[in-house]
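Asks: First, the structure itself, so that you have it in front of you.
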Amino acid sequence: MEANKPRDFIRQAIDADLAAGANQGRVVTRFPPEPNGYLHIGHAKSVCLNFTVAADFDGHCFLRFDDTNPDKEDSRFVDAIKEDVHWLGFDWGDRLTHASDYFESLFESAVTLIEAGKAYVDSLTAEEIRTHRGTLTEPGKNSPYRNRSVEENLDLFRRMAAGEFEDGAHVLRAKIDMASPNMNLRDPALYRIRKSRHQRTQDRWCIYPMYDFAHTLSDALEGTTHSLCTLEFEDHRPLYEWFLDQLPMANRPRQIEFSRLNLAFTVTSKRLLKRLIDEGHVQGWDDPRMPTLAALRRRGYTPESIVDFCARVGVTKKDTTIELGALENCLREDLNERAERRVAVLDPIKVVIENFPDGETEWLPAANHPNRPELGERDLPFSRELWIERDDFMEDPPRKFFRLKPGGEVRLRYAYIIKCEEVVKDAAGKISYLRCSMDVDTRSGSGPAAMRKVKGTIHWLSAAHAKPAEVHLYDRLFKVPNPAAGDDLAADLNPDSLVVRSNAFVEAALADLTPGVPVQFERLGYFVTDPDVTAGLRFNRAVTLRDTWAKLERQLLQSET
RNA sequence: UGGGGUGUAGCCAAGUGGUAAGGCAACGGGUUUUGAUCCCGUGAUUCGCAGGUUCGAUCCCUGCCACCCCAGCCA
């Protein structure tokens, strides 16, 4: 624990609890996902919070699956969630649990509530219960079944569990206060009949506990001391405490709420993410444009960058929307330090060096990292015919364009300074190639003559040696900062969220890059090989490099109009 | 128009009675064979608004305004 660092309000609250002697100094948290989808960047904040709080206080954190709704949950999500939490770098040890582990105990607690006259079986239909609940401004009405005897409730509840009734025929409700201004206290449902097979308990149960009941008791049963959840559960807290007051639990956890993380230009709601998949806007939970952890991983994000991001955004109760750039910047910062540099030409245009002998190859050393000489270097082949980036040549460039132009000079990185002598076009007026000459005295590192300065430096690849590859360039999934606001998700999609460069070339060394290890394509960004090997050699761009030229270009364009 | 929350710079975020930390972004400058990295520098007479208490208020009090959440047998 770093005492000098500003502590978030949750850690401060725990400090105070500990100072007051709570829980014999123990701190136990839990991350409780429902296995009905993949974890996204918003979940990462909660994962980080729960695990790092536990670590800071020498406590521990459970990974608990909140699997109380068999109709929506699936073990494949359980596996995906475990993988993601582990990938982020957190270890739950032997503290992997499920709400369903406690179903027997939960059932007993429900019986206890019934026996205490604190719960009853209601036989109203869902629709009737809704109308009886009242509205935000009008109190609800008691159900006609509210005063059934303990014996009748017990009998009915046991028969619900025994499968004697159809789905929806009855529901177990807490008996609290139908006139409460807090809707959560208007006799909330505790158990519903659902004759569905559960991914873990199979057919053992046909009644399933509701979130509030299951969650509170699971927390208490596991010894959670601090139950950290998001803001929308704030007015469930009185109910959480009501359960703890009614039931004889050995442990009394404290619920503390914090605001969820929202990221601009994307959505962080499992419901909407699922829609994107179901409507075919993306290819799945791990489509690299998705904000899921699986997608970010596939795209080339490192777990370290995500953990760092979560630490930087902090923990408060204020509704926030973080700029996308904040996340990207965390990745750039991490990768700038660790990613080796390589060369790729995504949209090639040919250059012919007229004064370089045909058929010859010169090998030129290129550093693997400009600031880390210990990472070594490799040799790049240089020959008469090269590929350069189409963007690095302009026939009629604006002011301040430092790259290649007719009659202009540019440095080929790690190689020579060349001059564009002629733009050779085909009959259709399309550029066939650029005829260039090289200054033979300017080979990188070859002495004083090579120190000659030119304005620009561009990257290149020997056409005879480069390997073809497909490169996927990703951009924000939506074109509006808050896509969740409108109901027409599709209309807000960014049509350029994926651009495929199928005619790209990469240096030979890239053909056997370790999967999952990000590299920097010089001047282009950070890339990683895609795990889908059936697609051949394919790279995904995780993030671009910071691009002040692009910004300048935009400003120049604007000032001209 | 019930209840629960939140409002400090473009985005986050400390500070919580003694005169506004930090990060990201933005802008200016330096270094540079990645228009990258790196380095240096620049921002709130002011803390949603209005009153009040106080020698002194972002911090305490009162009122107001804005925004978010709640009427699943979802979580």
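Asks: Does the range A:269-285 hold any residues that are surrounded by 19 or more Cβ atoms within 10 Å (Cβ to Cβ) and more than 10 Å from RNA strand B (Cβ to nearest atom), and which are they? Let's see the steps before the verdict.
Replies: Narrowing the range A:269-285 to residues surrounded by 19 or more Cβ atoms within 10 Å (Cβ to Cβ): A:270, A:273, A:276, A:282, A:285.
Hits for the range A:269-285 are A:Leu273, A:Leu276, A:Val282, A:Trp285.
Asks: Does the range A:503-515 contain at least one residue that is surrounded by 20 or more Cβ atoms within 10 Å (Cβ to Cβ) and assigned to a loop (DSSP other than H, G, I, E, B)?
Replies: Yes, some residue in the range A:503-515 is surrounded by 20 or more Cβ atoms within 10 Å (Cβ to Cβ) and assigned to a loop (DSSP other than H, G, I, E, B).
Asks: In addition: Working carefully through the options A:Phe57, A:Phe90, A:Phe103, find the one that is surrounded by fewer than 23 Cβ atoms within 10 Å (Cβ to Cβ) and closer than 30 Å to A:Arg173 by Cα. Lay out the reasoning, then the answer.
Replies: On the way: A:Phe57 fails: closer than 30 Å to A:Arg173 by Cα; A:Phe90 fails: closer than 30 Å to A:Arg173 by Cα.
After ruling out the rest, the residue left standing is A:Phe103.
Asks: Also, quick follow-up: Among all residue pairs at least 6 apart or on different chains, which show Cβ distances below 6 Å where the first residue, located in the range A:36-49, is under 11 Å from A:Ala294 (Cβ atoms) and the second is among the hydroxyl-bearing types (Ser, Thr, Tyr)?
Replies: A:Tyr38/A:Thr292; A:His40/A:Thr268; A:His40/A:Thr292
Asks: Checking the conditions here, which among A:Ala20, A:Ala44, A:Ala80 is assigned by TED's automatic domain parsing to the domain that holds A:Asp219, among the small types (Gly, Ala, Ser) and exposed (fewer than 14 other Cβ atoms within 10 Å of the Cβ)?
Replies: Numbers: A:Ala44 fails: exposed (fewer than 14 other Cβ atoms within 10 Å of the Cβ); A:Ala80 fails: exposed (fewer than 14 other Cβ atoms within 10 Å of the Cβ).
Of the residues listed, the single one that is assigned by TED's automatic domain parsing to the domain that holds A:Asp219, among the small types (Gly, Ala, Ser) and exposed (fewer than 14 other Cβ atoms within 10 Å of the Cβ) is A:Ala20.
Asks: Out of all the residues in the range A:122-157, which are small (Gly, Ala, Ser) and at negative phi? Can you show your working first?
Replies: Applying the first criterion (small (Gly, Ala, Ser)) to the range A:122-157 yields A:123, A:126, A:134, A:140, A:143, A:149.
Scanning the range A:122-157 gives A:Ser123, A:Ala126, A:Gly140, A:Ser143, A:Ser149.
Asks: Related question: Collect the residues in the range A:328-363 that are near RNA strand B (Cβ under 9 Å from one of its atoms) and touching a Leu at 6+ places or on another chain (Cβ under 8 Å), keeping them in residue-number order. Can you show your working first?
Replies: Taking the range A:328-363 and keeping what is near RNA strand B (Cβ under 9 Å from one of its atoms), we get A:328-330, A:332-333, A:336-337, A:339, A:341.
Listed by number, the list holds a single entry, A:Arg332.
Asks: State the number of residues belonging to the range A:364-398 that are outside any loop (DSSP other than H, G, I, E, B) and either assigned by TED's automatic domain parsing to the domain that holds A:Phe505 or surrounded by 12 or more Cβ atoms within 10 Å (Cβ to Cβ) (or both). Steps first, please.
Replies: In the first step, residues of the range A:364-398 are kept if they are outside any loop (DSSP other than H, G, I, E, B); the result is A:364-367, A:373-375, A:377-382, A:385-393.
Those still in the list that are either assigned by TED's automatic domain parsing to the domain that holds A:Phe505 or surrounded by 12 or more Cβ atoms within 10 Å (Cβ to Cβ) (or both) too: A:364-367, A:375, A:377-382, A:385-393.
Here the count works out to 20.
Asks: Can you find, within the range A:247-304, the residue that is modelled with the lowest pLDDT among those that are more than 30 Å from A:Ala110 (Cβ to Cβ) and small (Gly, Ala, Ser)?
Replies: Top of the filtered list is A:Ser269.
Asks: Let me ask something else. Test each condition in (1) closer than 30 Å to A:Asn23 by Cβ; (2) in contact (Cβ under 8 Å) with a residue 40 or more places away in the chain; (3) part of a helix (DSSP H, G or I) for A:Lys317 and report the one that comes out false.
Replies: (3)
Asks: Conditions first: (1) touching a helix residue (DSSP H, G or I) at 6+ places or on another chain (Cβ under 7 Å); (2) surrounded by 16 or more Cβ atoms within 10 Å (Cβ to Cβ). A:Lys317 passes all but one, so which condition is the exception?
Replies: Against the list (1) touching a helix residue (DSSP H, G or I) at 6+ places or on another chain (Cβ under 7 Å); (2) surrounded by 16 or more Cβ atoms within 10 Å (Cβ to Cβ), A:Lys317 comes up short only on (2).
Asks: Look at the range A:168-181 and say how many of its residues are loosely packed, with under 14 Cβ neighbours inside 10 Å and over 15 Å from A:Ile129 (Cα atoms).
Replies: Residues meeting the conditions: 1.
Asks: A follow-up question, please. Kindly indicate the residue of the range A:181-205 that is without any contact (Cβ under 8 Å) to a residue 12 or more places away in the chain and either outside any loop (DSSP other than H, G, I, E, B) or within 13 Å of RNA strand B (Cβ to nearest atom) (or both) and also nearest to A:Ala116 (Cα to Cα) among those meeting that condition. If you could, list the steps in order and put the result at the bottom.
Replies: Start the filter on the range A:181-205 by keeping residues that are without any contact (Cβ under 8 Å) to a residue 12 or more places away in the chain, which leaves A:181, A:202-203.
Within this subset, residues satisfying the condition of being either outside any loop (DSSP other than H, G, I, E, B) or within 13 Å of RNA strand B (Cβ to nearest atom) (or both) are A:181, A:202.
Values: A:Pro181: 24, A:Gln202: 31 Å.
Step by step, filter the range A:181-205, then rank; the result is A:Pro181.
Here is a yes/no grid of residues against (1) under 12 Å from A:Phe539 (Cβ atoms); (2) at pLDDT below 95:
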{"site": "A:His459", "(1), (2)": "no, no"}
{"site": "A:Leu493", "(1), (2)": "no, no"}
{"site": "A:Val500", "(1), (2)": "yes, no"}
{"site": "A:Asp512", "(1), (2)": "no, yes"}
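Asks: Still on this structure: Among the listed residues A:Leu154, A:Leu96, A:Leu136, A:Leu113, which satisfies the condition of being within 9 Å of RNA strand B (Cβ to nearest atom) and not hydroxyl-bearing (Ser, Thr, Tyr)?
Replies: Working: A:Leu154 fails: within 9 Å of RNA strand B (Cβ to nearest atom); A:Leu96 fails: within 9 Å of RNA strand B (Cβ to nearest atom); A:Leu113 fails: within 9 Å of RNA strand B (Cβ to nearest atom).
After applying the criteria, what remains is A:Leu136.
Asks: Just one of A:Ala54, A:Ala20, A:Ala16 is touching a His at 6+ places or on another chain (Cβ under 9 Å) and away from RNA strand B (no atom under 12 Å from the Cβ); which is it?
Replies: Numbers: A:Ala20 fails: touching a His at 6+ places or on another chain (Cβ under 9 Å); A:Ala16 fails: touching a His at 6+ places or on another chain (Cβ under 9 Å).
So the residue among A:Ala54, A:Ala20, A:Ala16 that is touching a His at 6+ places or on another chain (Cβ under 9 Å) and away from RNA strand B (no atom under 12 Å from the Cβ) is A:Ala54.
Asks: Would you be able to tell me the number of residues in the range A:435-457 that are assigned to a strand (DSSP E or B), in contact (Cβ under 8 Å) with a residue 60 or more places away in the chain and near RNA strand B (Cβ under 7 Å from one of its atoms)?
Replies: At the first step, the residues of the range A:435-457 found to be assigned to a strand (DSSP E or B) are A:435-439, A:457.
Still in the list and also in contact (Cβ under 8 Å) with a residue 60 or more places away in the chain: A:435-438.
Add one more test, that the residue is near RNA strand B (Cβ under 7 Å from one of its atoms), and what stays is none.
The total comes to 0.
Asks: Could you list, in sequence order, all residues of the range A:524-543 that are near RNA strand B (Cβ under 10 Å from one of its atoms) and without any contact (Cβ under 8 Å) to a residue 60 or more places away in the chain?
Replies: Correct list: A:Gly525 only.
Asks: Condition first: over 39 Å from the mean Cα position of the chain (by Cα), assigned to a loop (DSSP other than H, G, I, E, B) and not aromatic (Phe, Trp, Tyr). Now tell me which residues in the range A:399-430 satisfy that.
Replies: Residues satisfying the conditions are A:Arg399, A:Lys405, A:Pro406, A:Gly407, A:Gly408, A:Ala415, A:Asp426, A:Ala427, A:Ala428, A:Gly429, A:Lys430.
The values are calculated or read from the model by the stated rules, or taken from the named source; none is laboratory data. From a predicted model like this one, the values you see are computed outputs, not experimental measurements. For neighbour counting, all protein chains shown are included, and Cβ atoms are generated from backbone atoms with ideal geometry for every residue, glycine included.
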